[in-house]
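Below you'll find the structure, written out as structure tokens, and then a few comments.
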């Protein structure tokens, strides 16, 4: 340990204060640029590989209330991450044939909420001014699915179609009429 060279610590040699400050500034800028380039790519990889799929899940149920002439829709949509989505709703008959379709745009957050009861016309309103589809007079179900994209990284996802149970409009108990 008598050798003074052996006790040296890894350190840059001191030059002038201005030159030392410039070195720190340059290294800080390089680290900042590196972070700005790596973080968005890391967020996109995280959204692609690790975020739960589908991004949006929904429940839909057709119900008849005493105080409204048309059936109402009990609906809830929850997202696992903030997304922009195109929602697509379809009315299907008992043979699963599509009778009507509507689509619109929406933003969905990861905040937990409760199902809400929607009027027939409000549920199918897509903001285009088009009339809501007529309530079918034969048994039907309402289906919905989403084509979504995360807000922070633009990763795409498509939700499988979710449908309500069959609704029988001429039966107040909504039970299948046995013949």
When restricted to 124, 140, the only residue crowded, with 19+ Cβ neighbours inside 10 Å, over 30 Å from residue 48 (Cα atoms) and modelled with pLDDT under 95 is 124
Those residues of the stretch 86-140 which are in a strand (DSSP E or B), without any contact (Cβ under 8 Å) to a residue 40 or more places away in the chain, within 17 Å of residue 76 (Cβ to Cβ) and over 20 Å from the mean Cα position of the chain (by Cα) amount to none
Q) Can we say residue 23 is over 25 Å from residue 165 (Cβ atoms), in a helix (DSSP H, G or I) and modelled with pLDDT under 95? A) yes
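Condition check ((1) closer than 16 Å to residue 118 by Cβ; (2) surrounded by 11 or more Cβ atoms within 10 Å (Cβ to Cβ)) across all residues:
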residue	(1), (2)
31	no, no
44	no, yes
52	no, no
59	yes, yes
62	yes, yes
Checked against (1) part of a loop (DSSP other than H, G, I, E, B); (2) at pLDDT 90 or above; (3) over 33 Å from the mean Cα position of the chain (by Cα), residue 15 satisfies every condition except (2)
Those residues of the stretch 143-162 which are surrounded by fewer than 18 Cβ atoms within 10 Å (Cβ to Cβ) and not in a loop (DSSP other than H, G, I, E, B) amount to 147, 149, 156, 158, 162
| Within the stretch 65-76, is even one residue closer than 19 Å to residue 144 by Cβ and not in a strand (DSSP E or B)? | yes
Taking the stretch 68-114 and keeping only residues that are more than 21 Å from residue 141 (Cα to Cα) and exposed (fewer than 14 other Cβ atoms within 10 Å of the Cβ), one is left with 105, 107, 109, 110, 111, 112, 113, 114
If you go through 155, 83, 88, 135, the only one that is touching a helix residue (DSSP H, G or I) at 6+ places or on another chain (Cβ under 7 Å) and under 30 Å from residue 45 (Cα atoms) is 155
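The values are calculated or read from the model by the stated rules, or taken from the named source; none is laboratory data. Keep in mind the model is a prediction, meaning the values are calculated, not measured. All Cβ positions, even for glycine, are placed from backbone atoms using ideal geometry, and neighbour counts span all protein chains on display.
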